[in-house]
Amino acid sequence: MSAVPDQRAAVTEPAGVGHPADEDLRALFGQSIAVFALLTGPTHVLETGNPAFFATLGEGRTRTGVPIGELLPELAGQGFLDLLDQVYRTGEPYTGRDARVVLGTGPQAHEMYFDFTYEPRRDHTGTVIGIRVIGVETTQVKHAQRLVTKHRALLEQIARQAPLAEVLDGMARSIESLSPHGVLVSILLADPDARHLHHGAAPSLPDFYNQAIDGIATGEGIGSCGTAAHRREPVVTNDITTDAAWADFRDLADAAGLAACWSMPILARDGHLLGTFALYHRTPRTPEDIDLALARLFADTAALAIERHHIEQAKQAAEASAKSALEELAKTVRAERQLRAEAEQRAEAAAELTARMRAAAAIQANRPHPEHCQLGGAPGCTEPAEIKIADSWGDSAWGCTTHVEEAILTVRNVFIANEELGGLAAYLHR
């Protein structure tokens with residue numbers, strides 16, 4: 001139940017002789033926080049009401065002797081006047097639970113919730129002559145229930161690792177739907193160095209405004225958010241037009257239709273800056289305790305979501321790094337295996353070549369051949385000639401084992417000459 005403002009208006013006396021039961025109820029509800037009113041006749045003329053009833057209606061609406069529909073024209077279309085007609089016509093009471101009613105019009109309109117009862121009033125003959133209205137405001141209970149539901153949904157989103165943008169946008173929309181004062185929510189995210197703030201979520205602020213403040217610096221006197229981020233403490237601007245911190249952003253705020261801003265830093269568990277959480281209003285306004293409590297709650301929830309996001313990013317980066325390292329290791333292992341295979345092939349080829357050269361040297365040992373190697377080039381080679389080689393053009397020469405091996409490995413179409421295999425034709429067609 002909501003507290004009633006400190007107003008002590010006396011219960012208005014009825015125009016005519018009161019019913020004893022009504023007199024008892026007047027005494028019972030005189031200073032109660034429950035609303036109580038007596039309506040008379042088929043047009044439901046307000047006969048009397050307790051202070052809580054008139055406080056609920058708002059300033060300037062404490063008149064009696066007028067139909068309730070005239071006193072509260074905004075009730076038309078909300079079903080309450082129809083229910084009064086029904087109770088007056090049938091004589092059957094009606095009880096409503098958590099009934100939503102919008103009181104006031106325009107910028108002053110606000111929703112409230114009530115548990116209420118319409119009871120028929122009867123004269124001594126049993127004829128219905130009016131209606132008793134008894135109600136208990138449940139607005140705060142209703143808002144608390146909605147808050148718990150939405151907050152639980154946000155925590156479930158965070159637990160299942162929903163994208164950060166989705167969580168923050170849902171959070172902003174939830175708060176805007178919960179607030180009875182038309183609040184606009186903005187969440188900014190801090191750079192790792194905490195020197196700048198970037199757009200996180202602001203579903204109801206104009207795009208041009210979000211773009212203009214995306215990347216603003218943190219520092220003293222840089223709007224409410226930049227200052228809150230710098231101080232690491234809440235900054236409340238009740239009126240943007242008179243706050244020095246808004247000097248450079250006043251025209252921008254005016255273009256966006258913003259008049260007040262309350263900013264709360266979003267801090268990690270170790271105290272470093274994660275971002276800011278701001279509540280904007282279209283009219284100058286001072287926060288109530290419930291406003292600041294709501295902001296702190298969701299700032300803490302935003303911190304949880306952002307930290308979880310950072311942890312997930314770090315985990316993904318570590319996994320990507322580990323995967324890259326494993327891929328590089330796999331490449332290295334494959335390259336090492338290839339090199340080893342190539343080395344083994346070269347060793348086998350070298351062994352085969354050595355064997356062939358030995359065989360050729362043995363076969364050619366008794367053939368006529370020069371004394372020294374002919375493959376030493378201009379400097380010449382004094383090693384004994386042991387093996388004859390030839391190329392596909394028909395040229396041939398004798399050489400030592402070292403120069404013969406070098407020629408076979410580096411010069412194309414050079415082969416060990418073997419006359420027993422048919423001379424040059426054997427090499428051209430093999």
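The values are calculated or read from the model by the stated rules, or taken from the named source; none is laboratory data. As the structure is a prediction and not an experimental result, all values here were calculated from the model. Cβ placement follows ideal geometry from the backbone for every residue including glycine, while neighbour counts extend to all protein chains displayed. Heavy atoms of the whole protein, side chains included, go into the accessibility calculation; ligands, DNA and RNA do not. Shrake-Rupley method; radii C 1.70, N 1.55, O 1.52, S 1.80 Å.
Things worth noting here:
- For His309, solvent-accessible area (1.4 Å; no DNA, RNA or ligand), Å²: 60
- With the whole protein complex present, Ser392 retains an accessible surface near 40 Å², based on a 1.4 Å probe.
- Accessible solvent surface per residue of segment 49-117, calculated while the other protein chains remain in place, 1.4 angstrom probe, Å²: 51
- To put it simply, the accessible area of segment 109-180 at a 1.4 Å probe is 55 percent carbon and sulfur.
- Using a probe of 1.4 Å, the accessible surface attributed to Lys388 totals some 50 Å² when neighbouring protein chains are kept in position.
- Placing pseudo-labels 7 Å out from each Cα toward the beta carbon at Lys323 and Ile290 gives an inter-label distance of 4.9 nm.
- A 1.4 Å probe run over the protein chains yields, for segment 332-390, 71 Å² of accessible area per residue, whole-number rounding.
- Couplings 3J(HN,Hα) of segment 59-70, computed from phi: 4, x, 10, 9, 6, 10, x, 10, x, 4, x, 7 Hz, in residue order, whole Hz [Karplus 6.51 cos²θ - 1.76 cosθ + 1.60, θ = phi - 60°; x for Gly and Pro].
- Averaging the Cα positions of each part gives two centres, and for segment 88-145 and segment 201-230 these lie 44 Å apart.
- Residue separation of Arg63 and Asp300 scaled by 0.36 nm, minus their Cα-Cα distance, works out to 80.7 nm of gained length.
- With θ taken as phi - 60° and the Karplus curve 6.51 cos²θ - 1.76 cosθ + 1.60 applied, the whole-hertz 3J(HN,Hα) list for segment 405-415 is 4, 4, 5, 5, 7, 10, 10, 5, 6, 9, 9 Hz, x standing for glycine and proline.
- Efficiency of FRET between Asp193 and Thr241 - r from beta-carbon atoms, R0 51 angstrom, step 0.05: 0.95
- Nearest-ten-degree value, helix 289-364 long axis tilted from longest Cα axis of the chain: 10
- The angle between the Cα long axis of helix 20-29 and the main principal axis of the chain comes to about 40°, on a 0 to 90 degree scale.
- Rolling a 1.4 Å probe over the protein heavy atoms of segment 278-382, with every protein chain left in place, gives an accessible area that is 56 percent carbon and sulfur.
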